[in-house]
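The values are calculated or read from the model by the stated rules, or taken from the named source; none is laboratory data. Please read these numbers as outputs of a predicted model, since none were measured by experiment. Cβ sites come from the backbone with ideal geometry, for glycine too, and all protein chains shown count toward neighbours.
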C-alpha cells in the first residue's frame, strides 16, 4: 500500500507546483500590462499639458506684439484656436495701461494658466 500512495503524493505536489507557477506568471504579466497602460496615459497627459502651455505662450507673444504695435487689443473672453489646443484671454489690462495679462490654454483634459506683466 505504501508504494501506491507515494506516486500519487508526488503527482499532487507536481500539480500544485505547476498551478502556483502559472499563477505567479499570470500576476507578473498582469502587472506589466497595467503599468504600460498607466505609462501611456501619463505620456498622453504630458502631451496635452505641453500643447496647452504652448497655446498660452503663443497668446502672450501675440498680445505683446499687438500691444506694442497698437494694432489690436484682445478683450477678456477672446479665444484663439490652434487646432489641437485653444487659449482664451481671462484678464486683460485696459487699453494703454500696464497690468497683468492672464491667459488660459486647454488641450484635452489639460489646462494651463499663464500670468504675464505687461509694461510699456
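Look through segment 97-111, keep the residues that are in contact (Cβ under 8 Å) with a residue 24 or more places away in the chain and not in a strand (DSSP E or B), and return whichever of them is surrounded by the fewest Cβ atoms within 10 Å (Cβ to Cβ).
My answer is 109.
Check off (1) in a strand (DSSP E or B); (2) surrounded by 15 or more Cβ atoms within 10 Å (Cβ to Cβ); (3) out of contact with any helix residue (DSSP H, G or I) (no Cβ under 8 Å at 6 or more places or on another chain) for residue 89 and give me the number that stays unchecked.
Here residue 89 clears every test but (3).
Going by what's in this entry, would residue 84 be described as assigned to a loop (DSSP other than H, G, I, E, B) and surrounded by 10 or more Cβ atoms within 10 Å (Cβ to Cβ)?
yes
Tally time: how many residues in segment 92-120 are under 22 Å from residue 71 (Cβ atoms) and touching a helix residue (DSSP H, G or I) at 6+ places or on another chain (Cβ under 7 Å)?
Counting residues in segment 92-120 that are under 22 Å from residue 71 (Cβ atoms) and touching a helix residue (DSSP H, G or I) at 6+ places or on another chain (Cβ under 7 Å) gives 5.
I'd like to check something: does segment 53-72 contain any residue that is surrounded by 11 or more Cβ atoms within 10 Å (Cβ to Cβ), modelled with pLDDT under 85 and part of a loop (DSSP other than H, G, I, E, B)?
yes
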